[in-house]
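What follows is one structure encoded as structure tokens, with my remarks underneath.
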Amino acid sequence: MDQKTVVELRNIRKEFPGVVALDQVNLRLKTASVHALVGENGAGKSTLMKILSGTYTSYEGAVLVNGQEIHMKSERDAFEHGISIVSQELNFVPEMTIAENLYLGREPLQKGGFLNKKERSKKTAEWMQMIGLHFDPEMKMGDLSVASRQMIEILKAISRGSKVIIMDEPTSALTNKETEIFFQKVRELRDQGIAFVFISHRLEEVFSLCDEYTVLRDGKWVGSGSLRDVSEEKLISLMVGRDIQEIYPPVKPHGDRVVLQVEGLTGEGFEDISFSIREGEILGFAGMMGAGRSEIARAVFGLDRPTSGTIKMYGKPCRFRSTQDAISAGVVMATEDRASYGFVGVRSIRENIMLPNGDLFTRWGVWQRPKIHEAVTGICGSLAVKAPNAETLVGNLSGGNQQKVVLGKWLVRDVKVLILDEPTRGIDVGAKQEIYKLITELAEKGLAILLISSDMPEVLSMSHRVAVMAQGKKIGVLESGEATQDKIMKMIVEADR
């Protein structure tokens, strides 16, 4: 399909009181293309898209649609010029049907001004058929999967005549399988001429889905081009202003004393697992989704009961009947899904650090406020949590700072073993570097760290040893010097045969 420029943003500048959010930013979108807009948190991606979608109407520079300069006065104005945004927080009514949601505010009417439900349902079915969806139009939106809701939101944009669709972190709540199905639908729509803007922290998704890229850094344009002509390392370098090699700090030598020893552990999703971690050692667990890594972590932390096997701390057998038993022994865990299990978003930083540490901060059932203030101030300072104050709601923090709070609530304790399950998922590259630095500093202090990660460069660069998992079994352990991505993948493939 012949491509043409459908939208162009020239020299966009946007100021807020005391802050220049965008400074001379350019962006060109072509038909039949998925354009990645990437950059760290605060780079200006969302601000730029709010200008394009009509949310922000005060700015300098020019927005051109099909070669004609347009100044969007509202989101409805953007709709009329064929531009829609599908935000991370989907805009739908769960108790209403697909058809009702699709035509909300623009319902088809029959003579006399009455609602034409039959026509609405028929049109909805036709639209869904066009993009390969096969749901009953009268099915409630709340009964659909997240991926299907995403597609209905995109369908809503297309049914309004949109030729440019902005997707802001659309896969944040999707499983791997749902993401691939979603991507396939987006590719099909792209091939029909739709121009997409894709905003995501997940660079593997950017390279899987997108055709072109634009990088913003500190509110400025730093590069654009075809993704075929750029490597992931180069893209990261553009985003953060330094080479990828500088992102991972050097991992220092560890001690000899074994802190945690697991022998023959078996439970749901894993079988006969044995490993040990020494003082100051980072043991990485590599493997595909479903390999049993998180299940092992949950069993060690006391979240799930293993059916057999032993756990030892400093050579002494332990039985963790609950997470409280594990915490009391100095074993803590930052879970994979931090938003659901790692913090309470509607509570402050102070409260999130207090909640799991009542034994430290109460006396005769009364919270010791001076002690809490000292601990919270100290941990926020040492972890460099970026927030106005300790009363800031954790849900309002960036992903990197949320993860610091998750770690901080444990680090006020005397921790011996730290389990990190996907510690940098959903975090931008700059924040990842801060988390990596924190992990290595904790290891240098003597903590034994179990690092579970699906990011292969992360687990290879941050670990002293890498244990490889497949189908719930440990299939080998590699020293950091001999571990490579090719070697690990070959071990996994051979184990899956």
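The values are calculated or read from the model by the stated rules, or taken from the named source; none is laboratory data. Note that the structure is predicted; figures quoted are calculated from it, not measured. When we count neighbours, we look across all protein chains shown, and the Cβ atoms used for this are built from the backbone with ideal geometry, even at glycine.
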Tabulated pairs, the range 304-325, first within 25 Å of Asn357 (Cα to Cα) and in contact (Cβ under 8 Å) with a residue 24 or more places away in the chain, second acidic (Asp, Glu) and assigned to a loop (DSSP other than H, G, I, E, B), C-beta under 8 angstrom, 6+ apart or interchain: Asp304/Glu268
Of the residues in the range 231-245, those that are under 27 Å from Met489 (Cβ atoms), in contact (Cβ under 8 Å) with a residue 24 or more places away in the chain and not β-branched (Val, Ile, Thr) come to Glu232, Leu235, Met239
Pair list, Cβ < 9 Å and 6+ apart or interchain, from the range 32-44 residues that are among the aromatic types (Phe, Trp, Tyr) to residues that are at pLDDT 95 or above: none
Given the conditions (1) within 27 Å of Val6 (Cα to Cα); (2) part of a loop (DSSP other than H, G, I, E, B), every one holds for Phe79 apart from (2)
Can you name the residue in the range 100-133 that is of a type in the set (Phe, Trp, Tyr) and part of a loop (DSSP other than H, G, I, E, B) and is also surrounded by the fewest Cβ atoms within 10 Å (Cβ to Cβ) among such residues? Phe114
Within the range 134-217, helices (runs of 4 or more DSSP H) holding 3 or more residues that are assigned by TED's automatic domain parsing to the domain that holds Glu80 and either small (Gly, Ala, Ser) or more than 30 Å from Asp23 (Cβ to Cβ) (or both): 146-159, 176-191
Unique residue being under 22 Å from the mean Cα position of the chain (by Cα), assigned by TED's automatic domain parsing to the domain that holds Phe301, surrounded by 17 or more Cβ atoms within 10 Å (Cβ to Cβ) and without any contact (Cβ under 8 Å) to a residue 60 or more places away in the chain when the list is Gly408, Gly430: Gly408
Would you check which residues across the range 257-287 are among the aromatic types (Phe, Trp, Tyr) and closer than 20 Å to Glu494 by Cα and list them? Phe270, Phe285
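For the range 411-425, enumerate the residues that are more than 16 Å from Asp337 (Cβ to Cβ) and either buried (at least 23 other Cβ atoms within 10 Å of the Cβ) or touching a residue at least 40 places away in the same chain (Cβ under 8 Å) (or both).
The initial filter retains those residues of the range 411-425 that are more than 16 Å from Asp337 (Cβ to Cβ), namely 411-418.
Residues satisfying the conditions are Val412, Arg413, Asp414, Val415, Lys416, Val417, Leu418.
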Lys473 meets each of (1) modelled with pLDDT of 95 or more; (2) surrounded by fewer than 22 Cβ atoms within 10 Å (Cβ to Cβ) with one exception, condition (1)
Filtered residues of the range 360-375 (kept if in contact with a helix residue (DSSP H, G or I) (Cβ under 8 Å, 6 or more places away or on another chain) and charged (D, E, K, R)): Lys371
Could you figure out which of (1) closer than 23 Å to Ser461 by Cα; (2) of a type outside the set (Val, Ile, Thr); (3) not in a loop (DSSP other than H, G, I, E, B) isn't true of Glu336? (3)
For Lys177, indicate whether it is more than 27 Å from Val25 (Cβ to Cβ) and basic (Lys, Arg). yes
Among the candidates Phe343, Phe320, residue that is under 19 Å from the mean Cα position of the chain (by Cα) and crowded, with 20+ Cβ neighbours inside 10 Å: Phe343
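Let's see how each residue does on (1) more than 25 Å from Gly82 (Cβ to Cβ); (2) surrounded by 18 or more Cβ atoms within 10 Å (Cβ to Cβ); (3) out of contact with any strand residue (DSSP E or B) (no Cβ under 8 Å at 6 or more places or on another chain); (4) at pLDDT below 90:
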site	(1), (2), (3), (4)
Glu188	no, no, yes, yes
Phe196	no, yes, no, no
Ile199	no, yes, no, no
Arg217	yes, yes, yes, yes
Asp229	yes, no, yes, no
Glu232	yes, no, yes, yes
Leu235	yes, yes, no, yes
Asp243	yes, no, yes, yes
Kindly check whether there is at least one residue in the range 161-178 that is surrounded by fewer than 16 Cβ atoms within 10 Å (Cβ to Cβ), within 21 Å of Val65 (Cβ to Cβ) and not aromatic (Phe, Trp, Tyr). yes
